[in-house]
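Written below as structure tokens is the structure these notes are about.
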Amino acid sequence: MESSPRFNIPFLEIKRQYLNIKDEVGSALKRVFEDCAFSGGPYVEGFEKEFASFCGVRHAIGLSSGTDALHLAMRALGIKEGDEVIVPANTFIATAWGVSHAGGTPVFADCEPDTWNIDPEQVERKITGRTKAIIGVHLYGQPFDFDALKKVADRHGLKLVEDCAQAVGAKYKGKRVGGLGDIACHSFYPGKNLGAYGEAGGITTSVGEYDEMVRSLRNHGSKVKYYHDEIGFNMRMDGIHGAVLSVKLKYIDEWSEKRRAIAKRYLDGIKNPAIKTQKGIPSAESVYHLFVVTTEDRDALKEHLESRGISPGIHYPVPCHLQNAYRHLGYKTGDIPNAERLARTCLSLPMFPELTDKEADYVIDAVNDYR
Ligand SMILES: *Cc1c(COP(=O)(O)O)cnc(C)c1O
């Protein structure tokens with residue numbers, strides 16, 4: 001018989017972080033309100049400068065969401081109808097949306113069986129005469145092997161885009177993600193490692209031409225007010241998000257350290273032979289947006305943890321190529337086996353910087369007690 005749970009451990013509780021920084025965030029927000037700098041403006045520009053320097057690039061552009069960042073990155077690269085862009089099958093669907101929104105076709109590639117990141121060999125097999133770019137995703141906060149994918153991209157004259165939505169602050173060979181590829185996309189959705197207080201995203205790049213194009217596209221296709229050079233969008237970042245993100249950027253490395261400490265505790269503590277974890281590559285430093293484990297009977301592990309008061313997540317239950325939205329592309333079950341296996345077996349344990357050691361140990365015990 002299970003006794004009633006000692007803890008209720010949420011998958012993510014962003015309120016704890018808010019309580020730690022609420023005075024600082026409160027005064028930042030007050031400044032935005034008093035200056036009425038609601039859309040774009042000085043607080044967004046301030047964050048853009050800080051974020052560019054954080055990522056080690058020349059330009060950062062604040063946008064309305066990570067999805068919009070992926071869309072505008074595709075437009076900046078000139079992706080249009082008839083073009084193919086290779087993306088991993090195991091990612092949040094928005095990685096593929098960007099390609100579709102620009103009019104292109106996402107082509108899904110499999111992941112490596114152990115790192116769960118995009119497999120450069122599988123990517124190379126999917127390249128056709130129509131392929132224009134590859135989007136690599138630093139999945140769950142763990143950088144993909146950039147140099148290996150870059151070799152494939154260079155061999156075929158393709159652009160390489162980073163989807164950093166889950167990996168702000170992570171490093172590959174000592175360099176921050178977001179500064180590795182031709183152009184990089186970020187999400188500041190509230191649940192991400194660097195979360196705004198609403199919807200927000202951004203692009204980083206050192207290519208001046210991409211910077212100009214994205215700035216114009218996010219602002220109705222205009223550089224000078226009421227003069228429109230192209231059909232644009234309204235995808236500007238709100239002032240309050242710029243202000244909040246400037247406050248939070250100062251803490252991001254500290255928060256990533258805490259995530260790594262929790263991950264280490266999980267990795268050291270979980271001894272259950274039925275459970276596997278994500279393999280890292282030696283040259284990379286993860287920021288553990290998620291701590292994902294796999295096990296054959298995932299639903300049984302999920303129920304077991306829930307009976308102990310722990311709320312796990314599933315990232316993601318259906319790989320992109322099997323989503324109804326992409327039915328017309330004609331993929332079927334069995335086409336992309338590693339991604340499909342991951343979707344069947346993955347479970348995300350609670351992970352956020354404010355999770356206490358006691359809570360992590362409680363999760364570890366519950367995982368070790370399974371079976
Ligand atoms: C969250 C996420 C996005 C989309 O970002 P939004 O800000 O929610 O639009 C894109 N790609 C990945 C990998 C994500 O996790």
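The values are calculated or read from the model by the stated rules, or taken from the named source; none is laboratory data. Note that this is a predicted model, so its numbers are computed, not measured. Note that we place each Cβ from the backbone using ideal geometry, even for glycine, and neighbour counts take in every protein chain shown. These accessible areas exclude ligands, DNA and RNA; they are computed on the full protein's heavy atoms, side chains included. Shrake-Rupley method; radii C 1.70, N 1.55, O 1.52, S 1.80 Å.
Is it the case that the range 316-328 has a residue that's surrounded by fewer than 18 Cβ atoms within 10 Å (Cβ to Cβ), touching a Gly at 6+ places or on another chain (Cβ under 6 Å) and not in a loop (DSSP other than H, G, I, E, B)? Within the range 316-328, not a single residue is surrounded by fewer than 18 Cβ atoms within 10 Å (Cβ to Cβ), touching a Gly at 6+ places or on another chain (Cβ under 6 Å) and not in a loop (DSSP other than H, G, I, E, B).
Figure legend. Inter-residue proximity from the range 146-175: first residues more than 23 Å from Ala60 (Cβ to Cβ), second residues assigned to a strand (DSSP E or B) and more than 16 Å from the ligand (Cβ to nearest atom), beta-carbon distance below 8 Å, spacing 6+ or different chains. Indicated pairs: His156/Thr131; Leu158/Thr131; Leu158/Lys132.
Restricting the range 145-197 to residues that are on the phi > 0 side of the Ramachandran plot and open to solvent by 20 Å² or more (accessible area, probe 1.4 Å), which is farthest from the ligand (Cβ to nearest atom)? Out of the qualifying residues, it is Gly157.
Of all residues in the range 95-104, those being part of a helix (DSSP H, G or I) and open to solvent by 10 Å² or more (accessible area, probe 1.4 Å) number 3.
Residues in the range 75-84 that are surrounded by fewer than 22 Cβ atoms within 10 Å (Cβ to Cβ), at negative phi and either near the ligand (Cβ under 10 Å from one of its atoms) or part of a loop (DSSP other than H, G, I, E, B) (or both): 3 in all. Tyr172 meets all of the listed conditions (1) touching a Pro at 6+ places or on another chain (Cβ under 8 Å); (2) closer than 25 Å to Gln17 by Cα but one, namely (2). Here Glu230 fulfils each of the conditions (1) under 29 Å from Lys132 (Cα atoms); (2) surrounded by fewer than 15 Cβ atoms within 10 Å (Cβ to Cβ); (3) in contact (Cβ under 8 Å) with a residue 40 or more places away in the chain apart from (3). Taking every residue in the range 356-368 that is under 12 Å from Ile9 (Cα atoms) and pairing it with any residue that is open to solvent by 60 Å² or more (accessible area, probe 1.4 Å), at least 6 positions away or on another chain, the pairs with Cβ-Cβ distances below 6 Å are Ala360/Arg265.
Condition check ((1) over 20 Å from the mean Cα position of the chain (by Cα); (2) away from the ligand (no atom under 16 Å from the Cβ); (3) free of Cβ contacts under 8 Å to residues at least 12 places away in the same chain) across all residues:
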position	(1), (2), (3)
Phe51	no, no, no
Phe54	no, yes, no
Ala60	no, no, no
Ser65	no, no, no
Asp68	no, no, no
Ala73	no, no, no
Ile93	no, no, no
His101	no, no, no
Thr105	yes, yes, no
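If you check Asp238, Asp299, Asp253, Asp268 for being under 30 Å from Val32 (Cβ atoms) and surrounded by fewer than 16 Cβ atoms within 10 Å (Cβ to Cβ), only one passes: Asp253.
Just the residues that are open to solvent by 20 Å² or more (accessible area, probe 1.4 Å), closer than 18 Å to Ala102 by Cα and either within 12 Å of the ligand (Cβ to nearest atom) or out of contact with any strand residue (DSSP E or B) (no Cβ under 7 Å at 6 or more places or on another chain) (or both), please, taken from the range 210-226. Listed by number, the residues that qualify are Glu212, Met213. Applying the criterion of being touching an Asp or Glu at 6+ places or on another chain (Cβ under 9 Å) and among the charged types (D, E, K, R) to the residues of the range 173-214, the residue that is nearest to Ile134 (Cα to Cα) is Asp182.
When Val87 is tested against (1) within 11 Å of the ligand (Cβ to nearest atom); (2) without any contact (Cβ under 8 Å) to a residue 40 or more places away in the chain; (3) outside any helix (DSSP H, G or I), just one condition goes unmet, and that condition is (2).
Applying the criterion of being small (Gly, Ala, Ser) and over 14 Å from Tyr197 (Cα atoms) to the residues of the range 1-26, the residue that is modelled with the highest pLDDT is Ser4.
Residue check: is Tyr288 surrounded by 22 or more Cβ atoms within 10 Å (Cβ to Cβ) and among the aromatic types (Phe, Trp, Tyr)? Answer is yes for this residue. Scanning the range 174-206 for residues that are among the basic types (Lys, Arg) and in contact with a Phe, Trp or Tyr (Cβ under 8 Å, 6 or more places away or on another chain) yields a single hit, Arg176.
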